[in-house]
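What follows is a short report on a single structure.
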Amino acid sequence: MSASHLPFVPGSLVRRVAVGLIALALLATLASAVMHGAAAAGPARTFTIRSALTAAGDGPALAGDALPYAVQTVNLPDQWSHTRPGFAGTLWYRVGFVHPAEGAGDELLAVAIPQLCSNFEIYLNGALLENGGRMREPLTDNCYHPQLVPLPAQLLVAGTNTLDLRIAGHRREEVGSRWRAGGLAALTIGPYAELDPGYARRLAFGVGAPQGASATLLLLGGFMFVLGFIHRSESHLAYFGALAIGTAMLDARLWVRHVPFGHQVQEFVLLALLAFVVWAAVQFLLRYAGARIRWIDRALPLQCALVAFSMLLAGAQRLALVADFWYAVFALEVLAAAGYHLRRRGHSASGRLMAALLTAVALAIAVEFASQWSPERTPLVVVAPLVLPLVFALVGLRLVQQHGRALQHEQQGRVQLEQRVREATAEIERNFRQLAELQVEQVTERERKRIAADLHDDLGAKLLTIVHTSDSERISTLAREALEEMRLSVRGLTGRAVRLADALGDWRAETMSRLAQAGIDGEWQAPDDLPHALGSRAYVQTTRILREATSNIIKHSNATHCAVRCRIEDGDFQLVIQDNGDGIAPDVDSRPDRGHGLASMKARAKQLHGQCLVESGQGYGTVIRLTLALDRAADP
Amino acid sequence: MKTILLLEDLPEIRAWLRKLVQQVFPDAAISESSRVHDALELVKTVKFDLALVDLGLPDGSGVEVVTRLRDLQPDAQSVVVTIHDDDEHLFPALQAGAFGYILKEQARELIIEQLQRISQGEPPLSPSIARRVMAYFTEKARPSARNSPVPHVSLTDRETEVLLRVAKGYTLPEIGVQLGLSRHTIADYVKQIYRKLNVSSRAEAALEAQRLGLFG
């Protein structure tokens, strides 16, 4: 943990310790529940036998006779590894007891054996009471099974009764756990009814619960594995599935009694399975924290192979040693992975939950470890293996919840993505349309230029030749005007709007220089900075009207002064051309050039949905008023 | 005595132009040509004082001749004589180094007057060309363009003022009155504007050529 996170340490430490304590309290509660029955049993008629005679031997039952073999007195619980180091096979135990309930009528007595390993036969006064299963390899495995054997009243005798137990078991060195090595716990004898509840609890917690847990984990694990397998980006789910399945199979040792293969194979399988579980656990912790470490990806399967190889190499006789070594290695690995996981995710809500659950798991494993030196299979030891399935179920729920949420987000994301795709498609279509329009515009522009070039080169050149070679001034002028018309028409094809301010500049320059050349005093009034625009057609037509009016003044009016006024009024563009010349004679319509000029000016204004008024009085000059609606004139 | 190049493909117009030129410059030696190719050859060998160049010619654009003259004979004055009055056609020729332009269909007297003005150093400038020149220099003055390695040629305030007024439609004599300057001073500003347009355009062209790897 880096220094910057230090301020958070106490808080998170307190939380973790608190969660650990809660887990411990849970364990204790469970354990006390297991113990409850035994504690409630009345002390008077129930007693525990804490020593026995033992004799090694494979012989038949010894109904009531003295033991024929070398006899040894041992304390119960007895571990073969302590009292008979290196011993494997079958061992006789004999205990004697006085009928505790003499005169208590026909109340059924029973003997409770909290733990024995691996299998047993029990005789009362020489008569076989019960047989736990196969007494030869492969032995039936009753190591995790509590036993409650009724003592039939007709077999009991007054005075001392003899209880013979024949136990078949394994050497400590050959097994991976102290609880699978040969041994016998202390026997409790008492009324069946009093012993039964405690037995039932032990059976429920020690065998029934692990069975249920195995089934649950198998289902959960299978489900998670498939989920993780489908969603490769959430590989931690697959590892969690593998972890749950592996743990379920590992837990099967608690309740599977009849294995079809030999003891050595069983031990081999258990350790290999543990290696696999550790692999899954470490990878789950890393992947869940979002880390993917290549060398660990390769090292863990390799370790599985190494575990198997080391067992083969060491042989059955040193299996405990090899197993202890690997337990230590596994514990360190899982601890390191857990540390890594918490360091990366410890500060999130889900990280805190993981911290709590990992603490519980650590405690359960610690209890399992510590129990290896415990003489008895205490209630705490019995319930500790249940913590793992419990924790896994919680983690599984949490993972499913997260996965569901991720799916939901994905769904939302997809909806958003679809929305975005739709928008993008619309945008592309819009762009495409614009592009198409642009292309049409470009093609039009190209065509216009081609037509313009043709007109200039051909028609223009011919008109120009007429302008400069004709002897008739009138024809020259007509040709020149035709040329101007042609150019204006060509320009009209461009279709581009013209800023009114620019148009005024063009008109002013042309009109004023023409008037100046003709010796007429010109006056121009126009507002500055006009933001308006004129459509190209309006520009061309207005140019023609102004040009025509100027020509008329220059040619026919004899004016000495000409004023041109432009203004914008109520959205209208107004152009007033006033001269102080002769005015227009009433018979002007009969004169071909002038009459035609005035009519064409009016016609042009009409084309633009405007108005061209001519006011004239002979001797008072002429006023030409052109009015155009700007909103219409702005269209190309 | 002046040497004058006349580049025009239409024979009638060429004859008409020649008469005009002879009227303005009675002692001038006039070389005539109807194709860009021939004109380029002439420019190599003959030294010209004035060149009247048509733009649309059968084998190319008169702009090539304007450019070549500017390169080989910086003192020669190119004048575009054209039927096109729009700045789309005229601006490239002005950028290439032409000092003004004359529209062919104008009346004889007007053209004579313009020719005389041009020969006296008074090139014409229309409002639309003025706007185009202003837009060109404004574009170059933009911050993004300022970092370009082209030697930055900018207009003086007076030159900009003249351009602005021309764009608004004022004639050169009017501007002279408004600014309290002589007609010749205003004409000098216009000439200076044409020159800067050419210099700036050439620098730009050189840079573009360099960018395209034409000069290694």
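Just so it is clear, none of the values below were taken in a lab; they were calculated from the coordinates. None of these values were measured; they are calculated from a predicted model. Neighbour counts run over all protein chains shown; Cβ positions are idealised from the backbone, glycine included.
Helix A:349-371 axis versus longest C-alpha principal axis of chain A: approximately 20°, rounded to the nearest ten. Here chain A is treated with +1 on each Lys and Arg Cβ and -1 on each Asp and Glu Cβ, and its dipole about the Cα centre works out to around 1340 debye.
Take chain A and mark each of the GluC sites (Glu not before Pro) that is in a DSSP loop with at most 14 other Cβ atoms within 10 Å; the longest unmarked stretch, sites excluded, is A:108-375.
Computed from the C-beta positions of residue A:425 and residue A:83 and an R0 of 56 Å, the FRET efficiency is 0.10 to the nearest 0.05. Enter the angle in degrees (range 0 to 90, nearest 10) between the Cα long axis of helix A:379-454 and the first principal axis of the Cα atoms of chain A, meaning the one along which they spread out most. The answer is roughly 20 degrees. In this label model, residue A:438 and residue A:401 are separated by 5.4 nm, measuring between points 7 Å along each Cα→Cβ vector. Sequence gap at least 6, Cα distance under 8 Å: using those rules, report the relative contact order of segment B:3-138 to the nearest whole percent. Across segment B:3-138, relative contact order equals 20 percent. Taking 0.36 nm per residue of sequence separation and removing the Cα-Cα distance, the residue A:157/residue A:521 pair yields an extension gain of 115.4 nm. Before rounding to the nearest 500, sum -39500 (n - 2.57) across all DSSP H runs of length at least 4 in chain B and divide by the residue total; then give [θ] at 222 nm in deg cm²/dmol. That comes out to -17500 deg cm²/dmol. Panel values: segment B:3-138, Kirkwood radius from alpha carbon pairs, Stokes-Einstein at 25 °C and 0.890 mPa s, translational diffusion coefficient 166 µm²/s. Taking other residues whose beta carbon is less than 12 angstrom from the beta carbon of residue A:427, and scoring Lys, Arg as +1 and Asp, Glu as -1, yields +2. For B:54, B:157, the sequence from fewest to most other C-beta atoms within 10 Å is B:157, B:54.
Sorting the segments A:336-342, A:290-296 by their mean number of nearby beta carbons within 10 angstrom, highest to lowest, gives A:336-342, A:290-296.
The order of the peptides A:240-249, A:396-405 by mean Cβ neighbours within 10 Å, most packed first, is A:240-249, A:396-405. Which of the lysines could a cross-linker bridge to residue B:47, judged by Cα under 30 Å and excluding same-chain residues fewer than eight apart? Cross-link targets: B:2, B:19, B:104, B:191, B:196. In units of the compact-protein estimate 2.2 N^0.38 Å, chain A shows a Cα radius of gyration of 2.16. Across peptide B:171-184, the mean count of Cβ atoms from other chains lying within 10 Å of each residue's own Cβ comes to 1. Between 0 and 90 degrees, the angle of helix A:209-230 with respect to the longest Cα principal axis of chain A falls at about 30 degrees. Modelled spin labels at residue A:568 and residue B:41, positioned 7 Å past Cα toward Cβ, are 5.8 nm from each other.
Each of A:560, A:622, B:45 was scored by other Cβ atoms within 10 Å of its Cβ. Listed from fewest to most, they are B:45, A:560, A:622.
For Cα pairs less than 8 Å apart in space and 6+ apart in sequence, what is the mean separation divided by the residue count of segment B:148-211, i.e. the relative contact order in percent? About 46 percent, as a whole number. Between residue B:117 and residue B:158, the C-beta separation translates, for a Förster distance of 22 Å, into a calculated FRET efficiency of about 0.60. Shielding by partners for peptide A:470-482, expressed as the average number of C-beta atoms from other protein chains within 10 Å of each residue's C-beta, is 1. Mean partner shielding of peptide A:501-509, defined as the number of other chain Cβ atoms within 10 Å of each residue Cβ, is 6.
In whole percent, what relative contact order does chain A give with Cα contacts below 8 Å and a gap of six or more residues? RCO, chain A: 10 percent.
Using the Cβ atoms and a cut-off under 13 Å, what net charge is assigned to the surroundings of residue B:53, where Lys and Arg are +1 and Asp and Glu are -1? So the environment of residue B:53 carries a net charge of -1. Put in order of Cβ neighbour count within 10 Å, fewest first, the listed residues A:361, A:256, B:46 become B:46, A:256, A:361.
Of all lysines in the structure, the ones whose alpha carbon falls short of 20 Å from that of residue A:555, not counting any fewer than 8 places away in one chain, are A:602. Counting only DSSP beta bridges with both residues in chain A, the antiparallel share comes to about 95 percent. With both labels modelled 7 Å from their Cα along Cα-to-Cβ, the residue A:304 to residue A:450 distance reads 7.5 nm. Helix content alone sets the calculated 222 nm mean residue ellipticity of chain A: runs of n ≥ 4 DSSP H residues at -39500 (n - 2.57) each, divided across all residues, give -19000 deg cm²/dmol. Highest mean packing comes first when the peptides A:74-86, B:92-104 are listed by Cβ atoms within 10 Å, giving B:92-104, A:74-86. Roughly how many Å is it from the Cα centre of segment A:313-342 to that of segment A:392-442, as a whole number? Distance between centres, Cα-based: 48 Å. For residue A:294 and residue A:128, the FRET efficiency from 1/(1 + (r/R0)^6), where r spans their Cβ atoms and R0 equals 56 Å, is about 0.35.
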